[in-house]
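J.: For reference, the structure I am asking about is given below.
The values are calculated or read from the model by the stated rules, or taken from the named source; none is laboratory data. In this text the structure is predicted, and so the values were computed from the model without any measurement. Please note: Cβ atoms are built from the backbone with ideal geometry, for glycine as well, and neighbour counts cover all protein chains shown. Heads up: the accessible areas ignore ligands, DNA and RNA and are worked out on the full protein's heavy atoms, side chains in. Shrake-Rupley method; radii C 1.70, N 1.55, O 1.52, S 1.80 Å.
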Amino acid sequence: MEERLFERVQLLWCRFQEVYISTAENISSEVKSALMLLNSLNKSTSFNSNNCNLNKSRDIEFIHQLIAQTTIEKQYKELMDYFADIIKSRPSSKKASLGQVTTPFPIIKEIIAECKSIKSTQKIPETLKWLDVGCGPGFFISWIMIQELIQESIKNSGKTEKISANLHDIEYWHSLKARLGAIDIDSLSIHMAKRFASMILLLLIRHEGWHLSHEIIEILPPIQFFAHDFLDEKSPIDGFKPTIIVGNPPYIFSRNLTPKYRMELKNSCYSSAQGQFDISDVFIERSIQLLPPNGVLGLIIPEILLSLSSRRNIRRILINSSNYIFIREVQETFQTANVENIELFIRKSHQQSDPMLKIEKTNIQGETQVIFEGNKIKPQEIEQEIEHNDRLLDLLHIKNESKYSEIVEFVERKFYSINEWNELHPQQPIFVFRGVELSKKGVIIQCTNCGLWMPFSRKILKCKHCHRPISQSIIPTKIIHERLDFTNQNRKKNSANSVQKFVQNFPHEKKKLQTDSYIDLEYKGIQYKPLERYHQLRIVVRQLLHEKKICAAEIEPDTMTSQSIYNICFPSVFKDEVPSLVKNLRSDLTADYLFVTFSKGKRLFPRILLNILKEIPFIPKNFKHI
Ligand SMILES: C[S@@+](CC[C@H](N)C(=O)[O-])C[C@H]1O[C@@H](n2cnc3c(N)ncnc32)[C@H](O)[C@@H]1O
């Protein structure tokens, strides 16, 4: 699988060069042969000759279309989409182990622009040296490269020469390369990033009508790539000495790291890698270590960094090492990860001091507002802030948790969480899974190319299975039936094997669920999840802290659920315990515990919910059946 993806990128790159050369007007034979030579040198993967024509016409058409785009920004976005699709097609387990999600273009632009603006307030201007951490296909660093080049070219605007003299000078290109760096642990990402940067650069050169010399081609792309673990204390990145670090670090909870890697981090110099942590915390700490005083860090990061008690270590590091912290709520959401994000910017301080803190939010009308700005905060002001923004408290570590500490201490003393149970009883694990992957209304469509089915959404333009375009005129089908007419024996789908009881939603007050909805089972491509899981002893959870309660219920055996519902599967030792476990989950005590330790009154989103659910203590420690 991975090899095929290497090959797909390489094939695109080779085809790009062919089209580029064949459609160029003024390209010297020297440049042509340099490009061809580069092509052959870059064949880091040996082609399977059977695959040489794979997707050829589609790729060629895509490249022509790309070249024909009117602005570099449009070209960038199109090429990004192509590369992001390759990343998406990797197995989910691989993506999860790397924390791999691609960042939307508007966020990349915003982060880069903000970092520049923070740097520009400095009294003594300095040459910027950028590092993209966890670069993936290099979407951050390539946009920085484009911006640097455009900025260089317009230095001469108004003069007769179209471009800055520097762009003719190979020394400029070498100095650019010395100032741009990117690191990723994943070799496919680095392979992709090199090709992405080269293609977009060649497009820019053509778009701007700049002179392309064979010397430029020889250093292509003008970025230093490091295929290495960023957190390795002996990584070559130490010698790079960046002044601005940007990126979207991987987001992996410590428990989901391999035990060996988790142990290595715990034994390292990083103080953020203690207790429960997230790998993104360690990325932040490592970045701060690398930056010089007044160096700037700009990252996109899940918002829970500001509130989870387990992330206190990294908040402390941020406050102690910065003279400026800027937090901006992100409006654009990721397609693949349901998580609220913030853009986090800091400027590193020379010594420990009270950082200037700025928090920006977007109100219901979509207007951006600075909701807090200052460094000397008086206790009364903080009290007022609590009403609006509880997280601020924790950020400045002035939180008074005493009145809740008893609840926390009691619940943790009396009950196990799922995670704790599983560590103690690996032979009788409890596991959590989400139900059938369906959109809200349960409507599906069939791809006319591969014949597989998928949830219908007006936003989906490509088949999620074969990635070919989906015609918007396909008529959607209903997969869920409110009241199924079992008397109609002629309909195949009414036979007992092809339908199953189904719960899509349930009211908050329901403790025991019965259903009269049914789901058809016959649609290939729909992720029903293995049917045997639904035979198991289960509790379902729809929401945490809705109306200050956990919305949990018992469910009839064999009833399937939609993906918005979490299914907690218990081993058979819990046979008689389900009603009391539901009661525990729905209790005020558990809700208070959850409120204090995790949510602090904010909405919780599914990706976070799964981790949180596994951390809630609700299984009595005095349970005797083992
Ligand atoms: C959230 S993705 C971001 C990708 C890309 N920067 C973007 O914004 O589209 C995180 C990236 O971090 C990389 N990564 C994970 N662990 C790493 C480590 N220890 N050192 C360096 N890179 C790592 C993954 O391979 C992945 O490409």
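J.: Among GLY209, GLY239, which is the only one that is within 22 Å of LEU131 (Cα to Cα) and more than 14 Å from the ligand (Cβ to nearest atom)?
T.: On the way: GLY209 fails: within 22 Å of LEU131 (Cα to Cα).
Result: GLY239 is the single residue among GLY209, GLY239 that is within 22 Å of LEU131 (Cα to Cα) and more than 14 Å from the ligand (Cβ to nearest atom).
J.: Given the conditions (1) hydroxyl-bearing (Ser, Thr, Tyr); (2) touching a Pro at 6+ places or on another chain (Cβ under 8 Å); (3) modelled with pLDDT of 90 or more, and given that THR559 satisfies all but one, which numbered condition is not satisfied?
T.: Of (1) hydroxyl-bearing (Ser, Thr, Tyr); (2) touching a Pro at 6+ places or on another chain (Cβ under 8 Å); (3) modelled with pLDDT of 90 or more, only one is false for THR559: (2).
J.: Run down PRO292, PRO250 and say which single residue is closer than 25 Å to LEU613 by Cα and either within 12 Å of the ligand (Cβ to nearest atom) or surrounded by fewer than 16 Cβ atoms within 10 Å (Cβ to Cβ) (or both).
T.: Details: PRO292 fails: closer than 25 Å to LEU613 by Cα.
Every option except PRO250 fails the conditions.
J.: What pairs can you find where one residue is in region 53-78 and outside the structural domain of PRO469 (by TED's automatic domain parsing), the other is polar (S, T, N, Q) and at pLDDT 95 or above, and their Cβ atoms are less than 7 Å apart, with a gap of 6+ or different chains?
T.: LEU66/GLN75; GLN69/GLN75
J.: Against the definition (farther than 23 Å from PHE83 by Cα and surrounded by 17 or more Cβ atoms within 10 Å (Cβ to Cβ)), how does SER189 come out, yes or no?
T.: Criteria not met by SER189.
J.: When you look at TYR76, is it open to solvent by less than 10 Å² (accessible area, probe 1.4 Å) and under 26 Å from LEU11 (Cβ atoms), yes or no? Give the steps one after another, and end with the answer.
T.: Details: open to solvent by less than 10 Å² (accessible area, probe 1.4 Å): yes; under 26 Å from LEU11 (Cβ atoms): yes.
Against the criterion (open to solvent by less than 10 Å² (accessible area, probe 1.4 Å) and under 26 Å from LEU11 (Cβ atoms)), TYR76 qualifies.
Matching residues to (1) over 30 Å from ILE616 (Cα atoms); (2) charged (D, E, K, R); (3) open to solvent by 30 Å² or more (accessible area, probe 1.4 Å); (4) modelled with pLDDT under 90:
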{"position": "PHE410", "(1), (2), (3), (4)": "no, no, yes, yes"}
{"position": "TRP421", "(1), (2), (3), (4)": "no, no, no, no"}
{"position": "HIS467", "(1), (2), (3), (4)": "yes, no, yes, yes"}
{"position": "HIS481", "(1), (2), (3), (4)": "yes, no, yes, yes"}
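J.: Sticking with this one: From the list ILE124, ILE150, ILE112, exactly one residue is within 12 Å of the ligand (Cβ to nearest atom) and either of a type in the set (Val, Ile, Thr) or over 28 Å from the mean Cα position of the chain (by Cα) (or both). Which is it? Explain how you work it out, then say what you get.
T.: Values: ILE124 fails: within 12 Å of the ligand (Cβ to nearest atom); ILE150 fails: within 12 Å of the ligand (Cβ to nearest atom).
The unique qualifying residue is ILE112.
J.: Pairs, please: C-beta under 6 Å, at least 6 apart or cross-chain, first residue at positive phi and in region 416-430, second open to solvent by 60 Å² or more (accessible area, probe 1.4 Å)?
T.: Cβ pairs passing all conditions: none.
J.: Given ARG262, ARG311, ARG286, ARG316, which one is in contact (Cβ under 8 Å) with a residue 12 or more places away in the chain, basic (Lys, Arg) and within 16 Å of the ligand (Cβ to nearest atom)? Full working, then the answer.
T.: On the way: ARG262 fails: in contact (Cβ under 8 Å) with a residue 12 or more places away in the chain; ARG311 fails: within 16 Å of the ligand (Cβ to nearest atom); ARG316 fails: within 16 Å of the ligand (Cβ to nearest atom).
Sole residue among the options that is in contact (Cβ under 8 Å) with a residue 12 or more places away in the chain, basic (Lys, Arg) and within 16 Å of the ligand (Cβ to nearest atom): ARG286.
J.: Among the listed residues THR561, THR515, which satisfies the condition of being within 22 Å of LYS464 (Cα to Cα) and open to solvent by less than 40 Å² (accessible area, probe 1.4 Å)?
T.: Working: THR515 fails: within 22 Å of LYS464 (Cα to Cα).
On inspection, the qualifying residue turns out to be THR561.
J.: State the number of residues belonging to region 212-235 that are touching a strand residue (DSSP E or B) at 6+ places or on another chain (Cβ under 9 Å), within 12 Å of the ligand (Cβ to nearest atom) and open to solvent by 10 Å² or more (accessible area, probe 1.4 Å).
T.: Our first condition is that a residue be touching a strand residue (DSSP E or B) at 6+ places or on another chain (Cβ under 9 Å); within region 212-235, this holds for 221-230, 235.
Then drop every residue that is not within 12 Å of the ligand (Cβ to nearest atom), which leaves 225-230, 235.
When the remaining residues are screened for being open to solvent by 10 Å² or more (accessible area, probe 1.4 Å), the result is 225-229.
Qualifying residue count for the region: 5.
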